[in-house]
Every structure is written in structure tokens, then in C-alpha cells.
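The values are calculated or read from the model by the stated rules, or taken from the named source; none is laboratory data. Only a predicted model underlies this, so the values are computations on that prediction, with no experimental measurement involved. Heads up, the Cβs are rebuilt from the backbone with ideal geometry, glycines too, and the neighbour counts pull from every protein chain shown. The area values use the complete protein model at the heavy-atom level, side chains included, leaving out ligands, DNA and RNA. Shrake-Rupley method; radii C 1.70, N 1.55, O 1.52, S 1.80 Å.
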Amino acid sequence: MIPRHLLIGVAALLLLVVSMGIYLRHMRQQVKKLEPPAASLSPVAPPTSGPTETVTLYVADDAAGTLRPRSAQIPLPGGRQQRAEELLRALLRIYQEPGAAHPLSPDADIRSIYLVDPGAAVIDLNAAFADQHRSGILSEQLTVNSLIETLAVNVPGILRVNILVGGQTRDTLAGHADLTQSFDVLTIEQASNQ
Amino acid sequence: MSAAPSADEKHISVYSPVATYTLPVLERAGHEYVGLLELLEPLGRVSSESDGRRLKLRYNAVDAEFAAGKTRAKIRGRDFDFSTPFLIENSRGLVPLNSLSTLLPRFLGTTVNFRESARRLFIGDVGIQISFRLDNGSPPRLALNFSAPVNPTISTEPGKLRMIFKRDPLISPGTQSISFANKVITQASYSENNGSAELDVIANEPLMASYSNNRKTIVVSAVEPGTVANGTPGTATSQSGPQNPAQMSTPQNSGSPTASQNPPQTSPQPPPPAPAAQTFHRPLAVVDPAHGGEERGAALTNTLAEKDVTLGFARLLRHELELRGFSVLLLRDADTTLTLDQRAAAANVARAVIYISLHADSLGRGARVYTSLLPVEGPSNGAFHPWNSAQAPALPVSKIVSAAIVATMRKQEFPVQASPASLRPLNNVFMPAIAMELAPGPNGITDLTSANYQQRTAAAIADAVASVRDRLGVQQ
């Protein structure tokens, strides 16, 4: 015959084990909730600092075939180069919204912008920007005009712009707009106003 | 580079009430083939899909299904048998030439007359008839009266004036050779080969040809002394615009063909008198169907590529420009690959008066006209221009052409927009240059393959270009 106190001790131990198991499972679920999904490839928002400024973005409208100026409040860093990159990323976010009037791929991004004195800027797009861009003269030219005019109006001193894709020169954006030449800012502004 | 079809290549010419065009003929296993899509596209709305082994095709409301390597197809739900197998190459269906006279009526529902040995295909009642009338005066005149306006290429060689009818559905006068009872103009002969008809007038003296009766009559006459100096020397070809008289003079005849004494045929109406001697050159327009071959351009639908729309559109524009007195060089007349530099070089070498690049897009409505996005520069100081800004000196005239197209289309209530674009090879050609982008019409994306819609657009472009021909440096 097993002594009664021994039975009570074993039962208490079993209860403790079950309770610990339940607690462990609960803790694991809590940890899972806190961890970001491993497969998420969403770009991390860039750490911007500096005061919020009102800027004018030149937003393409496919249906009208024109650029429309739009005011936006965005935080801009102090450096010219970082400021230029933030400007164009803000423009890209408009094109990546659902139902945009000039849709661009969600994977499209600005790799970097180089400001070279005197008056030259180089916009380096990522490969997805060009590879997934809609093919057609109107659509491609609107994209080019929109990037250049937004940059030139908000970052003073830019007179001409080159566009690279993935750090390299590329013949066309998506089969039409010629990217091999430098774009004259004044000419683009005149073209956009026509 | 296949900027223009060479004389050695085999071609088939198709004449129909809606379009006249030429297609390359391919040889496969000893048989002649032609692309089925290319054949049907100018005639109506065509869509197709292929998995490489089977080809499903819809022409207007007619469905058809073909299998690669098979001689049996299904058209309108009924079997159709080829004499040699149907082929599929790069998702492109090839039909044997010898089946066209029975195959096409199934699709078109109209009569088709295919002159296989000459590779000339007549759809419906489009044939142009010819009659001859000889005036034995001094100098003698041979009037060739046609049942519709014609536009042959005229050239000369000793003892012969040759007219080649490539785009005119001229049909045989009933006999291959007609002899005249005249010591100077002795004979006319008709032949047809490789998609063209040829009419030769044989004479013992230099000849000249002039148009009259709204190009329905060509008067061939011996050259009177003193008029040769004003004509084009040698064997050069010279033609006029639709309303302008043209004249060719031949060099002195070196041979003397034998004249038979058969009486000439007569026509009911005497031809108007030949106009005064004067030489006109047809201005050359270069039409460039963008993309092609490996380079498909924009995917307009799941099955429709931009390169196919631009080719059909270019053929129609060629026809419309030719009707308005232009010679036209089509930079590609088949599904071939050309680089942008090759296109620019071909246009520059041709020394055309205008370059028109054709594109298509599913975005927006109507049409868009583009000029080169270059800063306007002053006149060039030398004979050489930088390759990337060769267009700069011609840009002001390019903008005049663009404005004329916009004005013409708006008059016809056709939605149109003009703007500059950084588009090659516009920047690299030194003559006035524009790009046209055809967008859907009121019926949506299906308009891009509609012969009527394309025809209307092409006619408007040709009207506008003709209206500014004096600004292109063309002598009237």
C-alpha cells in the first residue's frame, strides 16, 4: 500500500508539470506575436530627421497625359543629397498607392541620387523600377519628366539630370524613353508645360 | 539589314478594297509560304494564340484552328485541307501559297483571284483594266487608259519605257504583246512576276511619259527635239504628285525592235493632250514601324504585341502617303529586328524629306504626336552634326509637321495630343522627324487592330504631311 502523503506528492508534481507545459506554450505564442514575419520584404522606412517642409511634387496623370503639381508636407533631412532622395521617395509613394493615376511597381525604389557640381544630378533607380515599368512613350516620358521636374524645383541648382538603372546606363526605361542622354532641366520644364 | 525588300526576295502583293500591301514569301521544304496573321491583319480584326503546336485564330467573327505540320485545319467549324502542311514558327502561322485561293474565301466571304505564278492576290473586284490608243501624228502618242488612277514606277532603258505596277491591281490586257502600225512606237508588252505587273513600251526613238486625266491616263510619246534637256537624264526614275504632270525621257535608242503591223486597240475616250515638258521628283518619306522581331514593344493585350500593330499601321500609312504623291520607304515590311541606330542610318542615307516613327499603346485615347526632346539649337556651322542631336537643326520643321497633324486630326474630331519625347531614333535623324503613338479609339483596345481606325488615322497623317510639303523643302 502506497502511503497517502506519497500519492499527494506525486499528484502535486504532475499538476505542476502540466501547469508548466501550459505556461510554456502560452509564452511561445506571445513571442511569436512579437516577432516580425521572417518572409516580409517590405522596405524599412528610412530614418529621416529634420523639420517637416512643404514641397511641390510633380505627379504624372496617365489619363490626362500631363504632370500636376501637388503640395506635400514631408520631413526632409538637411543634406542636399538626402533631401533629393527623400523627395523622390515621397513621389514614388504616391505612384505606389492603390488606384494611382500613374501606377508604378511596389518594388520600384530610388537607389541613390548623386549631386555633382556644377548643376548635374544622377538618379539611380533600382532594377525593379525599370523592369516592371509600363511600356509606352507617354507613360515612360511622364515618369522621366515627373522625377526630373520634382527634383529640379525642390533642389535648387540642378541644371541637367542623368538616369541610371541599377547603377548602370540603360538604353530605355521600358522600351521607349531614351535614358542614354543627359536631360536638360529647362527643356523638360518647357515640355511638361506644353 | 532589311530596311527595304530587295528585288531578289520573293514577295506576294495583295490588292483589296481596304488595303494594298506586300508580304515576304518564305521557302520551307521546297514550298512557298506566307504568314497568315500578316496576310489577314490589314483586312480586318485579327487575334490569335499559339502554344507552338496549335494556333487558334479569330478573324472578325470567323474562328479557325490550325496544327503545326498538319494538312487539315478547321475554319468556321468545317474542315479545310491544305496541299502542304501548315507550319508554326515562333508562334507565327505559315500557310502554303498554293492554298490561298481556297483558304481566303473561307475567312473573307468574298471572291479571291490568286495569280500564283506572279504572286498577285486580288480580293474582291479591285482589278484595274487597261486599253491602248495610238495617235499616229507627229510625234506619235500612245495613250494608256486605265479604269482607275495608277501610280507606277517609271524607268527607261535604251529602246524601252518600263512601267512597274507594284501597288496597282493592274490586270492583263488579254494578250502579252500588242504591236502597233507605227515606225516609232512599235510594241507594248505586259508581264507580271514576283508581286508586280510590268508594262513595257518599245520604240525606236526616245520616249517620254506624262500623266493626265487624274492619273487614269499615261501618254507615252516620242520626245520632240529640244525637250530632252529639261527631262531627267539617263535611266533615273521620275514621277509626279497626284495632280502634277510627270515626264520621263529615254536615252537615244541603241536598237531597233521589229515592228509588226497589227492594228492597235482603241479606247472610247481620246486622251487629253500631253502637258508641257517638266520633271518632278516624288519626295521620299521614311515610315518606320517601331520594334519588330525579337523586340516586341509593349504588350497591348495578352496576345497583341506593339510590333504587329505598328507594321499593319505602317503599311496603311505608306499607301496613304503614296496616294498623296510621296515615295515611301518602309524600314521594315516584315517581322524583322532592326536596332535604333540601323533605323536612323537607313533614314539618313535615304535622304528623305520626313521620317515618321510609328508606335502603339493601350493607354489613353486617340493618337499622340511626338517630336524630339532636344534643346532647339541655331543653324549648324558645318556638314556634321553630333549623332545624339542630329535632329536639332530640323526640329522647328518637325514641330510644324506635328502641329499640322494635330490641326488635321482635331478638325476631324479625332483626340490627339502633341508633346516632346526623348525617343530614339528621333534624335538621330537629320530630316524633320515625328513619332506617332496610336492609342485606342471609341471602341477600346480592339480599335488598335481595326483597319478602319488605322486607315482613318493614316489618312489624317498623310493629309497633314502633304499640307506642309512646301515646308519640307519639296518643290511643287
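Under a model in which nothing but the beta-carbon of Lys, Arg (+1) and Asp, Glu (-1) is charged, segment B:81-216 shows a dipole of about 260 debye around its Cα centre.
Roughly how crowded by other chains is peptide A:134-147, in terms of the mean Cβ count from those chains within 10 Å of each of its Cβ atoms?
Values: counts 5, 11, 13, 16, 11, 4, 4, 8, 3, 0, 3, 5, 0, 0.
So the per-residue partner count for this stretch is 6.
Plainly put, segment B:33-135 has a radius of gyration that is 1.07 times its Kirkwood radius, both from alpha-carbon atoms, as the Rg/Rh ratio. Taking the square roots of 5 times each eigenvalue of the Cα gyration tensor of the protein assembly as shown, largest first, gives ellipsoid semi-axes of 64, 34, 18 Å. Calculated mean residue ellipticity at 222 nm for the protein assembly as shown: -7500 deg cm²/dmol, from DSSP H runs with n ≥ 4 weighted as -39500 (n - 2.57), summed, divided by the residue count and rounded to 500.
Relative contact order for chain A: what percent, with Cα pairs under 8 Å and sequence separation of 6 or more?
16
Buried accessible surface for the B/A chain pair comes to about 1800 Å², total over both chains, computed with a 1.4 Å probe. Sum up the charges of everything whose Cβ sits under 12 Å from the Cβ of residue A:127, counting Lys and Arg as +1 and Asp and Glu as -1, but leave residue A:127 out. Here the count lands on -2. The value of relative contact order for segment B:158-211, using C-alpha pairs under 8 Å at least six residues apart, is 43 percent.
Applying 1/(1 + (r/R0)^6) with r as the Cβ-Cβ distance of residue B:193 and residue B:147 and R0 = 22 angstrom yields a FRET efficiency of 0.50. Cross-link check: pairs B:166/B:307; B:70/B:166; B:74/B:166; B:216/B:411; B:160/B:216; B:216/B:399 evaluated at a Cα-Cα cut-off of 27 Å; pairs beyond the cut-off: B:70/B:166; B:74/B:166; B:216/B:411; B:216/B:399. The mean count of C-beta atoms from other chains within 10 Å of the C-beta of residues in B:122-132, rounded to a whole number, is 0.
Using a cutoff of 8 angstrom between alpha carbon atoms and counting only pairs six or more residues apart, the relative contact order for segment B:24-138 works out to 17 percent.
Highest mean packing first, where packing is the average number of other Cβ atoms within 10 Å per residue, the peptides B:97-107, B:298-308 line up as B:298-308, B:97-107.
Bridging of residue B:10 to aspartates and glutamates at a Cα separation below 19 Å is possible for B:27, B:32, B:38, B:89, B:116, B:168, B:192, B:198, B:333, B:335, once same-chain residues fewer than 8 apart are set aside.
With an a/c value of 1.5 or above and a/b larger than b/c for the gyration tensor axes a ≥ b ≥ c computed over the alpha-carbon atoms, chain A is described as prolate. Between residue B:213 and residue B:299, the contour length at 0.36 nm per residue exceeds the Cα-Cα span by 26.3 nm.
Per-residue mean of foreign Cβ neighbours for B:361-372 is 3 (Cβ atoms of other chains, 10 Å radius).
Which of these, A:81, A:29, A:96, has the largest mean-square fluctuation under a Gaussian network model of chain A (Cα springs below 10 Å)? Per the Cα network of chain A with a 10 Å cutoff, A:29 tops the list.
Here the spin labels are modelled as points 7 Å beyond Cα on the Cα-Cβ line, and at residue B:470 and residue A:17 they lie 10.8 nm apart.
Projecting label points 7 angstrom from Cα along Cα→Cβ for residue B:91 and residue B:410 puts them 3.9 nm apart. What the Kirkwood sum gives for segment B:403-476 is a hydrodynamic radius of 13.8 Å, with every pair of different alpha carbons counted. Taking every Cα-Cα distance in segment B:1-90 and sorting them into 5 Å bins from zero, the calculated P(r) comes out as 3, 12, 20, 22, 22, 14, 6, 1, 0 percent. Among DSSP bridges having both ends in the protein assembly as shown, what percentage is antiparallel? Round to the nearest 5. About 75 percent, rounded to the nearest 5.
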